[in-house]
Structure formats: C-alpha cells, structure tokens
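Novice: Could you have a look at this structure, given as structure tokens, before my questions?
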Amino acid sequence: MAPDAKRHKPNTNTTSKPGSALGSALKKKAPPGPVYEKGIEYWDKVDASVNGVLGGYGEGPVPHIEQLSSRLLLLSLIPSLSPFPNPLTPEPTLRPLPSHRRTVLDVGAGIGRVTRHVLLPLFDDVVLVEPVDKFVREGYRAASEGEWRDLPSGTSNDLEQKRRVEQQRQDIKDGKGRGKRVRFVKRGLQDFDPREPVDDQAEEVGLVASPKGEIGGEGGCIEDEVVYDVIWCQWCLGHMNHEDLVNFLRTAKKALREGDDHYIFVKENCCDDAPGGVGQEFLDEEDSSLTRSHQKWVDCFHEAGLTVVREEIQQGMPDELFVVKT
C-alpha cells in the first residue's frame with residue numbers, strides 16, 4: 001500500500017481541546033497551511049498507478065463504485081450529456097448537439113483516472129492539469145498509446161481499437177458524435193487561471209485526439225481562451241490554503257460557460273465540524289494537505305461567490321476512510 005494520503009485517515013472525533021495546536025484560543029496566529037513543495041515531494045514517492053493514487057484502494061471495488069457515482073451525478077445535473085436513453089435521461093437523442101465542443105477541466109488529475117473513466121465518455125474535450133511530473137506523463141502515455149477506450153489509437157494492430165476508431169469516424173459523419181481530445185498540462189493550482197491553462201508556469205505535455213484530425217464543433221480545449229461546461233476538482237484542493245482555494249474558485253467561476261447547466265464539482269473528504277457546527281480544518285504534516293469539515297467547505301464556497309446546488313455523500317467506501325462528499 002502506498003503511504004496514507006490525508007483522505008485515507010480514519011474519521012475520528014475531531015473536537016478541539018483547549019491548548020491544542022489547532023483552534024486554540026491562546027494561539028494568535030493562524031494554523032499552518034499546506035506547503036506546496038512538500039505535497040509534490042510526497043506524491044513523487046507514490047506509484048503512478050490507480051492503486052498508488054488511491055492510497056492502496058485501487059485494486060478493489062472502490063474505484064468502480066466511486067467512478068459510477070460521479071457519472072450518475074453528472075448525468076442527473078446535466079441530462080443532455082447522455083449519449084443514449086436511460087432512466088435519468090429517457091429522451092436525450094431528441095436534443096441536438098450544441099454547436100460548441102463540450103469542455104471540462106480536470107484539476108489535480110493525477111494519472112487521469114477521473115478523466116478516463118468519468119469525464120471523457122461524456123464530454124468532447126478535457127483539459128487535464130496535474131503538478132506531479134510522473135503522473136501527468138503516465139496519463140499522456142496511456143492515452144496516446146490507445147489504452148483509454150475513448151481515445152483509441154489508429155496505429156494499433158488491435159482489431160477492437162480499429163473498430164472503435166472507424167465507429168467514431170462514422171458517428172462524426174452522421175452527426176451523432178465528435179472526436180475526443182485531451183490536453184495534458186503540468187501545473188499547480190496556485191495562481192492558476194483555467195481560461196489560460198498553459199501560461200509561463202505551465203508545461204504543455206501533449207494533446208491526444210481520436211480520431212486524429214476529425215473533430216466536430218466549435219471551440220474546445222485548444223482555444224486561446226478556454227471556457228468550460230464543467231470544472232471537476234477531486235482529492236486535490238486540500239493542498240491549497242484557504243486564501244489560494246477561494247481565489248482559485250473565484251477564477252474558476254469566471255471560466256465557466258454562461259448558462260444554467262454549467263457547474264464546478266468538488267469531491268473531497270470531510271472531517272467533522274467543530275462544536276456548534278463551526279467549520280474547521282486539520283493539517284496532515286505527512287502529505288502537507290488540509291482536511292476540511294463540511295461547514296469549512298461551505299464557507300469557502302460562499303466566500304468565492306458560489307452557491308451549493310447539490311450535495312451527495314459517496315456510498316460504498318471503506319469504513320476507515322473519511323466521509324467523501326461531492
């Protein structure tokens with residue numbers, strides 16, 4: 001098992017005691033916040049695999065349950081994303097594709113697990129942003145070599161991959177779909193503006209598209225100023241202090257496409273609120289990240305000018321983990 005990440009700590013009683021390092025009335029200075037460099041150093045020691053980024057829980061049912069719940073939540077809020085009829089969207093085919101390419105930002109994306117299994121099947125374009133070098137390069141390698149189902153490689157000798165490429169090309173010609181694209185960017189979230197994902201602090205790792213050169217729709221991930229239908233943040237915002245987090249959320253809000261069905265999703269672990277329902281946060285020195293309580297997250301959202309439209313608890317997670325909320 002990889003070293004325990006902050007999200008994999010037991011959800012024990014978090015009531016502060018007088019004189020404790022965090023929340024003490026005797027302390028006049030703010031609690032220590034995350035150190036960006038220490039967080040990168042921690043994750044550099046973790047395997048660039050699903051099991052590694054999930055702290056040892058990647059080989060059981062956790063990733064499948066978690067991914068399915070995320071996709072169902074997306075479809076329930078944005079029914080038009082569904083490519084086929086289902087109980088959530090019984091008549092999606094009656095709604096024509098929008099003129100623009102549906103674009104999503106995946107921040108702190110690791111090796112691209114969420115992009116690969118949750119976002120890419122539903123969206124046209126993904127901007128994948130990750131600060132850990134070996135993670136983002138492993139994601140790019142897997143996608144460019146055809147290991148991601150929605151980005152099959154046209155150069156592969158595998159018959160199933162060739163069939164998928166031809167099917168995507170036919171769907172584009174028939175107006176039923178569009179080629180997929182993922183833009184891989186190495187960058188942290190401090191001072192990050194999603195509208196300009198590749199700035200002077202970022203490295204463009206690469207763009208993977210399939211079928212190559214056959215793309216339908218306007219805009220998307222390679223525009224000079226990118227706008228998003230959805231911004232997805234999962235298990236990464238704990239590495240930001242309060243001020244940086246609020247600033248990021250404010251900037252992310254400005255990067256959303258105008259309309260009623262465009263959202264910022266935040267999926268993170270939550271500890272308990274302090275007595276009286278007061279928000280609190282605790283620093284994990286090992287990976288230099290904060291675990292925030294429910295109310296602390298709500299405080300951050302409101303300070304950033306965001307409104308919480310839905311809240312869900314992730315079911316099916318091991319009992320020893322913090323509660324996961326979206």
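Novice: If one computes the Cα centroid of segment 263-326 and of segment 139-212, what distance in Å separates the two points?
Specialist: Value for the Cα centre distance between the two parts: 31 Å.
Novice: To continue, here is another question. List, in order, the whole-Hz ³J(HN,Hα) value for each residue of segment 36-49 obtained from phi through the Karplus relation with A = 6.51, B = -1.76, C = 1.60 and θ = phi - 60°; use x for Gly and Pro.
Specialist: Once θ is set to phi - 60°, the couplings for segment 36-49 become 3, 5, 5, x, 4, 4, 4, 6, 5, 8, 9, 4, 7, 8 Hz.
Novice: Further question on the same structure: Excluding same-chain pairs closer than 8 in sequence, count the lysine pairs in segment 201-326 whose Cα atoms lie under 26 Å apart.
Specialist: 9
Novice: Further question: What percent do you get for the relative contact order of segment 223-326 when only Cα pairs under 8 Å and 6+ apart count?
Specialist: Worked out over segment 223-326, it gives 28 percent.
Novice: Answer rounded, prolate or oblate for segment 282-322, using the Cα gyration tensor with square roots of eigenvalues a ≥ b ≥ c: rounded when a/c is under 1.5, else prolate when a/b is larger than b/c, else oblate.
Specialist: Oblate is the answer for segment 282-322, as a/c is 1.5 or above yet b/c matches or exceeds a/b.
Novice: If packing is taken as the average number of other Cβ atoms within 10 Å across a peptide's residues, how do 101-107, 264-270 rank, most packed first?
Specialist: Highest to lowest by the protection proxy: 101-107, 264-270.
Computed from the coordinates by the stated procedures, all read-outs in this text should not be read as laboratory data. Keep in mind that this is a model prediction, so the values were computed, not measured. Every residue, glycine among them, receives a Cβ derived from its backbone with ideal geometry; neighbour counts consider all protein chains shown.
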